[in-house]
Amino acid sequence: MAFILSIMMIDELPVDERITAIIKERGITHLYPPQKDALPHVLSGKNVVMSVPTAAGKSLVAYIAILQAALEHKKSMYIVPLRALAQEKYEDLLPFRDIGITVGISTGDLDKRGDYLGKYDIVVCTSEKADSLLRHGSDWLHDVSIVVADEIHLVNDASRGPTMEVNLARFMLMQQVQVIALSATIQNAEEVAHWLDAELIQSTWRPVPLKEGVLFGRKLSFLDGTSRELQNSRLEGLLEDVLDDGGQALVFVNTRRASQAAAEQLEEITASRLDPGEREQLHELSERMVHDETNIVSRKLSRCIERGIAFHHAGLSTLQRRSVETGFKQGLIKCIVATPTLAAGVNTPARMVIIKNLWRYSGGEGGMRPIPVMEIKQMMGRAGRPGYDSEGEAILIAKNEMERERLWNDYLLADVEPVYSKLASEPALRMHLLALVATEFASSWEEIIDFMKKTFYVHQLGVVPEERLWEMLDFLERNEFIEAHGERWKATRFGRKTAALYLDPLSALTMRRALEGKKGTAFSYLHAICATPDMRCLYLQRRDGWVEEKLAEETFVLDVPPPYDPAYEWFLSEVKTACLLEDWIQERKEDDIITKYHAGPGDIHAKVETAEWLLHAMRELARLFNFEMVPFLSKLGMRVAYGCREELLTLVTLRGIGRVRARTLYRAGFKTISMLRKARAETLASLPGIGMTVARKIKEQVG
Ligand SMILES: Nc1ncnc2c1ncn2[C@@H]1O[C@H](COP(=O)(O)OP(=O)(O)OP(=O)(O)O)[C@@H](O)[C@H]1O
Ligand SMILES: [Mg+2]
C-alpha cells in the first residue's frame, strides 16, 4: 500500500469510485493529513488506533474502510458510546444507500436478539447494545469483519468503559476482525495501540485552528502569544465579542440550574443583536416546540429561544434538545449554555467555546472535583469545526491573577491524562464474568483467563488478577447464578436470564428477594426496582421531608433499614424515585412532577425508560420464582410505559392517543374500543385536545 502514501485527493483513493463520488458531493475533496496517514493502514486491513485532536475527521477514515468493505460484501459494526452520536453517524452513512449499501441503527432494547440487524452491511450501535447483541449470540455477528470503536478513550469512564473493552476483547477472540479505534489525544495512546495490536496514528494537526486562551478582566490572552482587549469583562464581554464578530458561542457550566440561570442572564445580549428575519424564525421554532410539548421547561426554553439563546442539559426531552441543536446549527440560536453532556464527539457551529466552571460535583467522590484535562479539551474541541468556521476559540475565565496562572499551567499547557481500565470495579467484573459463562463464551478457568488476557484491564495490569476473579466467581456461585460442573462452570437458568436481560447480578438478587417475599402493592414493586443498582435514583434534597412521611403509608417487599443505619439515607432516595414513578402512573400532570421532584422532562423520560426495562426483567424473573406475579408485573410495566391508571390501558394503545387524550375520552364516556367504534368522528373531535385529525385517526384504527 506504500503507493498511496502520497495521496491527498479523495479521487485518488484506491476505493470504489461510487464511494468517493458521494463523499465529494458533500464538499470533501482533499484528505486531511492524519487521514492520509491512517488510510493506507486501514485499507490494508490492519488494526489502527487514531489518537488525534478533535475535529480532525476521524470518522471519515472509518467510514471509507467500512463502506469499501460493504461493497466487498463484508459486514461492519460502528460502535459509539452515546445514543446521540449513533444518530449522527447513522445520518452520515445514510446517503450511501444510493449505491446499495445498507445501514442499520440499534440503540434501544437490551433484551432482543437483533437477528434482523443481520441484513445490514453496516450496523451503528451503542456499546451496551453491542454487548447485548453479543450475549444473545445472533449468527450474523460471526460475519462481522470490521469493528469501529469510536471515542475509545472512554475506556477510562467508570460506567461505559468496561463494556467497551469487553466488546473488543470478545470480537478479537471470536474471529479475525479488523479494529479501527478512534480516540481523543491521550497520554498513553501507545498502550492502547499495543493492547489492540494496532498501528498507532498520532498527530497534533487540526483542520481549523483552535486558539486556547484565558480571560482575566478585559484581557483575553491566547496560548499562541496573541491577545486582545474586550469591551467588557466576564462572560458577557466574551459573548458580545463573538456575536459582534458574526460568530456563535457555546458556554459550558457545571449544573443544570446554572445553565438555565446563565441563559436568562445573557439573553439581553443575544436578543439585542437579532435582525427581524431571525426574530421571526426563532419565534416559529419556539412556537413549534411548545406546541408539540407543553410543560414548564419548554415554556422557559421557548422564552429563551425567542431571544436567540438556549440552555441544554440532560433534563431536557429529546424534542427540546433537538430544537435547540437545530436552531443552533441554522445559526438562529446564537448561544447555547450547556452542561458537559453536549461535549463528546458532536459537530456544532460554535466559533467560541467558553468554559465557565472547571469543577463539578461528583457524588461518588463526595464533593467538588476538578474536571479532567481530557474532558476540558473535549469541550474546547466543539469550537472551530470544519464547514462552519475558519478559526475557533476556546476560553477559560480567571477571577484573579493567581487563577490566571493556574488555568494557564493546569489546563492550557497541561498534558492530557492517561486512560485507565475500569473493569476492575466490582459491578463491572461480576456482570461481565456472568455474561461470559452464561453465553458459554468462556466457562473453564483457562478460557476465562484467556479472555481476561485480551482485555485492556489485564493488558495494563500486566498480570491476571486471579484472586479477584475467584472472588467474583465465588459470589456468582454462592448466589446460584452459576454452578460448577467438573472443570467448567455452567450458568443456571437464573444466571442465563440475568445475563440475557442485561441486569447487574446484584439487581437480579434484589428482584429475586422482592419476588420471594409476601405480595406487595404496585408501589412496593416500584420501590423494589428503584432499590437495584441499575436504577439511578434521584438525590434527596433538603425540602424532601415528605418522603419520610410517605413511609408510614406504604408497604415494602424489601427490608426497611432503621433510621440510624447509614443505608437509610439511600433508602429514602429510592423511595423518592419510586414516588415519581407512582405519580407518573397515577396520571399526575407532567408540570406537577417537574416541580415536585425538581426534575426535567428528560429525567422523567429516563426514569420511566429504566423502570420499563427493570419491570420487564422482574416479570421475566417472576417466571422462575413467583409465577403468580407475572400478570401483575406485566400490567404494572404497561402502566409505567404509558403513564396511566389501569383503566386506560386499552385506549392508550391507539396511535395518537397518549395518557392525556385517553383520560379525556374516558371521562366523556368512551371507555372501550367498541364505544369508540359507535361514536361519530365529529363528537370525538369536539372533545378538548382531540380535534378532527386525531378523531379521524381513532376512527381509522377502531374501524
Ligand atoms: N477531508 C475533509 N475535508 C473536509 N471536511 C472534512 C474532512 N474530513 C472530515 N471532515 C468534516 O469534519 C468534521 C469533523 O469530523 P469528525 O466528526 O469525524 O471529527 P472527529 O475527529 O471525530 O472529532 P471529535 O474528536 O470531536 O469526535 C465533520 O463535519 C466532517 O464532515
Ligand atoms: Mg468523532
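The values are calculated or read from the model by the stated rules, or taken from the named source; none is laboratory data. Note that the structure is predicted; figures quoted are calculated from it, not measured. With ideal geometry, Cβ positions are generated from the backbone for all residues, glycine too; neighbour counts draw on all protein chains shown. Side chains included, ligands, DNA and RNA excluded: accessible areas come from the protein's heavy atoms. Shrake-Rupley method; radii C 1.70, N 1.55, O 1.52, S 1.80 Å.
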Give all pairs with beta carbons closer than 9 Å in which a residue from the range 382-407 that is within 18 Å of Gly237 (Cα to Cα) meets a residue that is within 16 Å of ligand 2 (Cβ to nearest atom) and of a type in the set (D, E, K, R); count only pairs at least 6 apart in sequence or on separate chains. Gly392/Arg206; Gly392/Arg382; Gly392/Arg385; Ala394/Lys377; Ala394/Arg382
Enumeration of residues in the range 316-343 that are assigned to a loop (DSSP other than H, G, I, E, B), of a type in the set (Gly, Ala, Ser) and touching a Ser or Thr at 6+ places or on another chain (Cβ under 9 Å): Ser317
Only one residue in Val147, Val123 is part of a strand (DSSP E or B), touching a Gly at 6+ places or on another chain (Cβ under 9 Å) and within 22 Å of Pro162 (Cα to Cα), so which one is that? Val123
Looking at the range 236-248, is at least one residue surrounded by 14 or more Cβ atoms within 10 Å (Cβ to Cβ), closer than 24 Å to Gly331 by Cβ and of a type in the set (Gly, Ala, Ser)? yes
Any residue in the range 451-460 that is part of a helix (DSSP H, G or I), open to solvent by 60 Å² or more (accessible area, probe 1.4 Å) and at pLDDT 95 or above? yes
Restricting attention to the range 62-99, which residues are in contact with a helix residue (DSSP H, G or I) (Cβ under 9 Å, 6 or more places away or on another chain), within 18 Å of Val144 (Cα to Cα) and open to solvent by 30 Å² or more (accessible area, probe 1.4 Å)? Gln68, Leu71, Lys74
Could you tell me how many of the residues in the range 645-656 are open to solvent by 50 Å² or more (accessible area, probe 1.4 Å) and without any contact (Cβ under 8 Å) to a residue 12 or more places away in the chain? 2
I'm checking my understanding of the structure. Among residues of the range 523-555 that are open to solvent by less than 30 Å² (accessible area, probe 1.4 Å) and part of a loop (DSSP other than H, G, I, E, B), which one is farthest from Ile593 (Cα to Cα)? Thr532
Before we move on, is Lys635 within 26 Å of Ile296 (Cα to Cα) and not assigned by TED's automatic domain parsing to the domain that holds Leu301? no
Thr204, sole failed condition from (1) more than 16 Å from ligand 1 (Cβ to nearest atom); (2) open to solvent by 70 Å² or more (accessible area, probe 1.4 Å); (3) of a type in the set (Val, Ile, Thr): (1)
Between a residue in the range 301-322 that is closer than 17 Å to Ile594 by Cβ and not assigned by TED's automatic domain parsing to the domain that holds Met289 and any residue that is open to solvent by 10 Å² or more (accessible area, probe 1.4 Å) and not in a strand (DSSP E or B), which pairs come within a Cβ distance under 8 Å, given they are 6 or more apart or on different chains? none
Those residues of the range 476-509 which are more than 30 Å from the chain's Cα centre (by Cα) and under 27 Å from Met172 (Cβ atoms) amount to Ile482, Glu487, Arg488, Trp489, Lys490, Ala491
When every residue in the range 151-189 that is among the charged types (D, E, K, R) and touching a helix residue (DSSP H, G or I) at 6+ places or on another chain (Cβ under 7 Å) is compared, the one most open to solvent (accessible area, probe 1.4 Å) is Arg160
Go through Ile146, Ile180 for me and flag whichever is within 16 Å of ligand 2 (Cβ to nearest atom), out of contact with any His (no Cβ under 9 Å at 6 or more places or on another chain), modelled with pLDDT of 95 or more and closer than 21 Å to Ser76 by Cβ. Ile180
Do you know which residues across the range 219-234 are touching a residue at least 24 places away in the same chain (Cβ under 8 Å) and part of a loop (DSSP other than H, G, I, E, B)? Leu223
With (1) among the polar types (S, T, N, Q); (2) more than 16 Å from ligand 2 (Cβ to nearest atom); (3) without any contact (Cβ under 8 Å) to a residue 40 or more places away in the chain as the list, and Gln68 as the residue in question, which single condition is left unmet? (3)
Would the range 416-435 turn up any residue that is β-branched (Val, Ile, Thr) and part of a loop (DSSP other than H, G, I, E, B)? yes
Per the filter on the range 77-117, residues more than 22 Å from Glu25 (Cα to Cα) and within 16 Å of ligand 1 (Cβ to nearest atom) are Tyr78, Ile79, Val80, Pro81, Leu82, Arg83, Ala84, Leu85, Ala86
Scanning the range 626-644 residue by residue, those touching a helix residue (DSSP H, G or I) at 6+ places or on another chain (Cβ under 7 Å) and open to solvent by 80 Å² or more (accessible area, probe 1.4 Å) turn out to be Lys635, Tyr642
